[in-house]
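Engineer: Let me begin by handing over the structure; questions about it come next.
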Amino acid sequence: MKIMSAILNHAIRRQFGATAARNMSGTAATAGEHSGGYKVWKRLSFFVAVPAVGLCMLNAYLKHQEEHDHPRQEFVKYDYLRRREKRFPWGEGNKSLFHNPHVNPLPDGYEH
């Protein structure tokens, strides 16, 4: 049993020692080489990130324009929606804090 444990212990130490030596030899801290790394990230920022943000903005704008043309849904008064047990503490007390008259109906229907 002791011999099996010793062989296993030796194999594990050898494996971890070789892995640690391999990992330490290629790091930038020991190599001391930092030239050119910032250029890659600078180019990626300007040629990949900025156009990607622009495409996302264009997509959001086109989706907004597409939804803007659709008519508003007809108001249906349900008893369990838009219940006002007590008044809101701001304004006239019937509208929520972030009320949008084009999208959010009041309990009696849309404003216009």
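Engineer: Among the residues of region 19-29, is any under 30 Å from residue 102 (Cα atoms) and either at pLDDT 90 or above or surrounded by 10 or more Cβ atoms within 10 Å (Cβ to Cβ) (or both)?
Structural biologist: no
Engineer: Right, another one. Any chance region 51-74 includes a residue that's exposed (fewer than 10 other Cβ atoms within 10 Å of the Cβ), acidic (Asp, Glu) and modelled with pLDDT under 75?
Structural biologist: no
The values are calculated or read from the model by the stated rules, or taken from the named source; none is laboratory data. Note that this is a predicted model, so its numbers are computed, not measured. Heads up, the Cβs are rebuilt from the backbone with ideal geometry, glycines too, and the neighbour counts pull from every protein chain shown.
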